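First comes the structure, then the notes that go with it.
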Amino acid sequence: MTRRALAAELAACCRHLSQRGLIAGRDGNLSARAGKDRVLVTPSGGLKHRLRPADMVEVDLAGRRRGGRRNPTSELDLHLRILRLRSDVGAVVHAHPPAATAFAVAGEGLASFSLPELILLVGRVPLVPFGMPGTRELGEQVEACLGGHAALLLANHGAVTLGRSLEEAWIRMETLEHSARILLGARLLGRVTELTPEMVARLEALRASV
C-alpha cells in the first residue's frame with residue numbers, strides 16, 4: 001500500500017470511529033506501519049472526523065518526525081512501544097468505546113468466555129493499570145501488560161486494539177465494543193453463561209490457525 005493510500009485509510013478509519021460513537025471530538029489516535037522504520041500516525045488535536053489524508057504525520061520508530069506539517073499525536077509513545085515490541089502488529093487503534101470503557105472504569109478486563117466472536121477475533125482483553133494520558137507512564141503500563149494480546153482495556157481511559165492491518169485493528173475495536181454491550185445486557189438480565197472449556201479451546205485453536 002502506498003503512503004497516500006494508507007493516509008486515506010487512516011482518515012477513513014477516524015471518520016468511521018466517530019460515526020460509530022467509538023470516539024468523540026478529539027478523542028483517540030491511530031497508527032500504521034508505512035515501511036520498515038516508518039509509521040503514519042494521526043496528528044495532535046483536531047476533530048477526528050474532519051481529518052484528511054494530508055493531516056497524517058510520518059515518524060520513525062524513534063519518534064522523530066519525517067513527514068507531514070502537523071505534530072504527531074500526544075500518545076505517540078504508546079503506539080511506538082507496541083510497534084517496536086510486536087513485529088506482528090501493523091496498526092494500532094486507540095479509542096474510547098463507551099461500553100468497553102465502562103468495564104475499564106469499573107476495574108475489569110474482558111476475559112469472559114461467553115461470546116465466540118470475542119474469543120475468535122480478539123481473545124482475552126486484560127486491564128492495564130492507569131497511566132496518565134499523553135505521558136510515558138501510559139506507554140510503560142501498556143508495555144508491561146502487552147504480551148501477545150490483540151486488545152487491551154486502559155483503566156479509566158479507553159481501549160487499544162492491534163492488527164496486522166489497520167482494517168483488522170479497527171474491526172477488533174468494533175468487536176470489542178459490541179461484545180461489551182452484549183455482556184452488559186446479559187448482566188442486566190441477571191446471568192452471563194460461559195462456554196464450556198472444550199468450546200473455548202476449539203475457538204482458540206481456530207483463532208491461532210488464521
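Since every read-out is calculated from the coordinates, none of them should be taken as a lab result. Since the structure is predicted, the reported quantities are computational estimates derived from the model, not experimental observations. In this analysis, Cβ positions are derived from the backbone assuming ideal geometry, glycine residues included, and neighbour counts consider all displayed protein chains.
Side notes on the structure shown:
- The C-alpha atoms of the stretch 59-127 occupy a region whose extents along the principal axes are 45, 26, 16 Å, arranged from largest to smallest.
- Amide proton proximity set for Phe130, modelled H, under 5 Å, gap of 5+: Ala155
- Inter-part distance where the stretch 143-210 and the stretch 97-128 are each reduced to a Cα centre, Å: 5 Å
- With contacts taken as Cα pairs under 8 Å and at least 6 residues apart, the stretch 98-201 reaches a relative contact order of 33 percent.
- Alpha-carbon gyration tensor eigenvalues x 5, square-rooted, for the stretch 101-210, Å: 23, 18, 12
- Kirkwood analysis of the Cα pair distances in the chain returns a hydrodynamic radius of 17.2 Å.
- For the stretch 104-157, convex hull volume per residue from C-alpha positions, Å³: 72 Å³
- Per residue, the average separation of C-alpha pairs within less than 8 Å and at least 6 apart gives the chain a relative contact order of 19 percent.
- Mean residue ellipticity at 222 nm, helices only, the chain: -13000 deg cm²/dmol; runs of at least 4 DSSP H residues each add -39,500 (n - 2.57), and the sum is divided by the number of residues.
- When peptides 161-167, 81-87, 64-70 are ranked by their average number of other Cβ atoms within 10 Å per residue, the highest-first order is 161-167, 81-87, 64-70.
- Normalised convex hull volume, the stretch 22-90, alpha-carbon set, Å³ per residue: 85 Å³
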